[in-house]
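Please see the structure below; I have some questions.
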Amino acid sequence: MWNIHSEQARKDFPRLEEFLSLLPQNRDYTVFPGFADVHVHLREPGFSYKETIASGTRAAAHGGYTAVCAMPNLNPVPDSGEHLEVQEAAIAAGAVIHVYPYGAITVGEQGEALADLAALAPRVCGFSDDGRGVQARAMMEDAMVEAKALGKVIAAHCEDNSLLHGGYIHDGQYARTHGHKGICSESEWGPIARDLELAAKTGCKYHVCHISTKESVELIRQAKKSGVDVTCETGPHYLVLDDSCLREDGRFKMNPPLRDRSDREALVEGLRDGTIDMIATDHAPHSAEEKARGLAKSAMGVVGIETAFPVVYTYLVKPGLVPLETVVNALTVNPRTRFGLPLGEDFSVWDLEDRYVIDPETFLSLGRATPFAGMEVQGRNLLTVCGGKAVWQAERS
């Protein structure tokens, strides 16, 4: 991050000067390299009533992102070259920033047979069955062996279905007090422990999606110390909120769920000490109707790509919990390095002094369900430049 008038900013972003006229003058701004989110649901093809490539990438640009990795729980699932072509066509037609698709690990994300990983590998950023955990140990081991041979990352949604028991929020105090069915922490950390053993055995590049429990943090910390090739991500909501923040509202329902305060504190420490490599939003838009059924019956998933940096900056950086440099690396260098995403000269320009209240009605995403609605944040994106073009520009006040 650099002051917009610094020599280093002009050196690292030689085209910055071309865009200064788009900004209000005589004020100090901060320039960041374009953010990269390795866990985004753009919903197209198959579910464009929730989000489209166009709306999702505009929303990402609004949040300062110039690259996103699109999850494969689509229709058709990108489990073959032919099915991936449908998504690639939608990206070519609608994206305003760089979109890198994942290929599925298994056919139809059903966990029964490996997808055509070899055909997919040159065209995807990695393999994931996001939204569903690979339940069978043997299937995950086969996937890791092939991914290792192909030089690709396995990005795992870790969830043991046998431990869910119909749960939909964390199995904690709020669930017990309000009569909700809870999801135990072991349903996440159990599969992580299994996969870390397999990653050590196979030498696969292994990435853990959206970790939410203190046990997950510690397992990954120890695996890194022992030399396992593992990275992981968590989301802004897991770093800032916990199950004491829950309300009887679908905008607080996501998978994994908001956990205990001790889990949140462990995640913050994991980000601070480098155990957690990346901040990823798991941006998961749904229709208003799908999110209006309360905690028990609403669809899992919240939006977050337009609020990620302001939330983390306000509630982690400003209080001194996590250094700004750590946050910026988790949003830029680390995801791009792990998934082989080029940086180029993409950047965003922020007014870090601007304070405002998060209003979902200002979102460019079709999704509006966010647990951060009504929260005051500091830091507003004024300009995002991707591929030499201004893809987001705030209205001048």
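No lab work stands behind these numbers, since they all come straight from the coordinates. What you are looking at is a predicted structure, and each value in this text was computed from that prediction instead of being measured. A quick note on method: Cβ atoms are made from the backbone with ideal geometry, for glycine too, and the neighbour counts reach across all protein chains shown.
R0 = 41 Å: FRET efficiency of S226 with M300, Cβ-based, nearest 0.05?
Given R0 = 41 Å and the Cβ-Cβ separation, E is 0.80.
Would you mind checking the tilt of helix 214-225 against the longest principal axis of the Cα atoms of the chain, expressed as 0 to 90 degrees and rounded to 10?
The answer is roughly 90 degrees.
Find the Cα radius of gyration of region 63-212, compare it with 2.2 N^0.38 Å by division, and give the number to two decimals. If you can, show how the numbers build up before the last one.
On the way: Rg = 16.6 Å, N = 150, 2.2 N^0.38 = 14.8 Å.
The reported ratio for this selection is 1.13.
Where in region 94-120 is the amide nitrogen less than 13 Å from a point lying 7 Å along the Cα-to-Cβ axis of A138?
The answer is 112-114, whose backbone nitrogens lie closer than 13 Å to the label point.
Related question: Please compute the alpha carbon radius of gyration of region 44-103, then divide it by the globular-protein estimate 2.2 N^0.38 Å. Two decimals is fine.
Details: Rg = 10.8 Å, N = 60, 2.2 N^0.38 = 10.4 Å.
Computed over Cα atoms of region 44-103, the ratio equals 1.04.
Follow-up question, since we're still on this one. For region 115-154, what are Rg and Dmax over the alpha carbons, in angstrom?
According to the Cα coordinates of region 115-154, Rg and Dmax are 9.8, 26 Å.
Quote the convex hull volume per residue of region 216-343, based on C-alpha atoms, as a whole number of Å³.
Working: hull volume 15.1 nm³, N = 128.
Residue-normalised Cα hull volume stands at 118 Å³.
Another one. With a 10 Å cut-off between alpha carbons and a GNM built on the chain, which of E18, E197, E109 moves the most?
E18
Given the options G103, G151, G235, which has the most mean-square fluctuation in a GNM of the chain, springs set between C-alpha atoms less than 10 angstrom apart?
Highest fluctuation of the listed residues: G151.
Another question, if that's okay. Nearest 10 degrees, 0 to 90: what angle lies between the long axis of helix 81-94 and the longest principal axis of the chain (Cα atoms)?
20
With charges set only on the Cβ (+1 for Lys and Arg, -1 for Asp and Glu), what does the dipole of region 267-397 come to about its Cα centre, in debye to the nearest 20?
Values: 12 positive and 17 negative charges, 49 e Å.
Dipole of region 267-397, to the nearest 20 debye: 240 debye.
Continuing with the same structure: Please give, to one decimal in nm, the separation of the simple spin-label points placed at D12 and L324, each 7 Å out from Cα toward the Cβ.
Simple spin-label model gives 1.2 nm for this pair.
Roughly what would the spin-label model give for K389 and V107, points 7 Å off Cα along C-beta, in nm?
With each label point 7 Å from Cα toward Cβ, the separation is 3.9 nm.
Would you please put 92-98, 10-16 in order of how densely packed they are, using the mean number of other Cβ atoms within 10 angstrom per residue and starting with the highest?
Working: 92-98: 17.9, 10-16: 14.9.
Ranking, from highest mean packing down: 92-98, 10-16.
If I build a Gaussian network model for the chain, linking alpha-carbon pairs within less than 10 angstrom, which residue out of M139, M278, M254 has the largest mean-square fluctuation?
Highest fluctuation among the options: M139.
Additional query: Taking 0.36 nm per residue of sequence separation and subtracting the Cα-Cα distance, how much length would be gained by fully extending the chain between L163 and E361, in nm to one decimal?
So the extension gain works out to 67.6 nm.
Further question: Under 8 Å for C-alpha pairs, at least 6 residues apart: give me the relative contact order for region 178-326, rounded to a whole percent.
Dividing the mean separation by the residue count of region 178-326 yields 23 percent.
Something else about it: How much length would be gained if the chain were fully extended between S244 and V145, taking 0.36 nm per residue of separation minus their Cα-Cα distance, in nm to one decimal?
Here the answer is 31.5 nm.
Over 17 Å apart: what share of the alpha carbon pairs of region 1-124 falls there, rounded to a whole percent?
62
Per DSSP H run of n ≥ 4, the term is -39500 (n - 2.57); total these for the chain, divide by its residue number, and report the mean residue ellipticity at 222 nm rounded to 500 deg cm²/dmol.
Rounded to the nearest 500, the figure is -9000 deg cm²/dmol.
Cα centroids of region 137-202 and region 1-61: how far apart, whole angstrom?
Cα centres, region 137-202 to region 1-61: 33 Å.
Tell me the label only: which of [x] 19.9, 61; [y] 20.6, 71; [z] 24.8, 91 is Rg and Dmax of the Cα atoms in Å as calculated from this structure?
Here the calculated entry is [x].
Output ³J(HN,Hα) for region 144-161: one whole-Hz value per residue in order, computed from phi by the Karplus curve 6.51 cos²θ - 1.76 cosθ + 1.60 with θ = phi - 60°, and x for Gly and Pro.
Values per residue, Gly and Pro as x: 5, 4, 6, 4, 4, 5, 8, x, 10, 7, 9, 9, 9, 7, 9, 7, 8, 4 Hz.
Let me ask something additional. May I ask you to derive the relative contact order of the chain, considering only C-alpha pairs under 8 Å and at least 6 residues apart, and to give it as an integer percent?
19
Give me the number: length gained by fully extending M375 to E345, i.e. 0.36 nm times residue separation minus the C-alpha to C-alpha distance, one decimal in nm.
On the way: separation 30, 0.36 × 30 = 10.80 nm, distance 3.23 nm.
Roughly 7.6 nm would be gained on extension.
Measure nothing fancy, just the Cα-based angle from helix 186-202's long axis to the longest principal axis of the chain, in degrees from 0 to 90, nearest 10.
Once rounded, the angle reads 90 degrees.
With labels modelled as points extended 7 Å from the Cα through the Cβ direction, what inter-label distance (nm, one decimal) is found for Q173 paired with E88?
Simple spin-label model gives 5.2 nm for this pair.
Straight-line reach only, C-alpha to C-alpha below 17 angstrom: list the lysines that K291 could link to, leaving out same-chain residues fewer than 8 apart.
Excluding near neighbours in sequence, the set is K50, K253.
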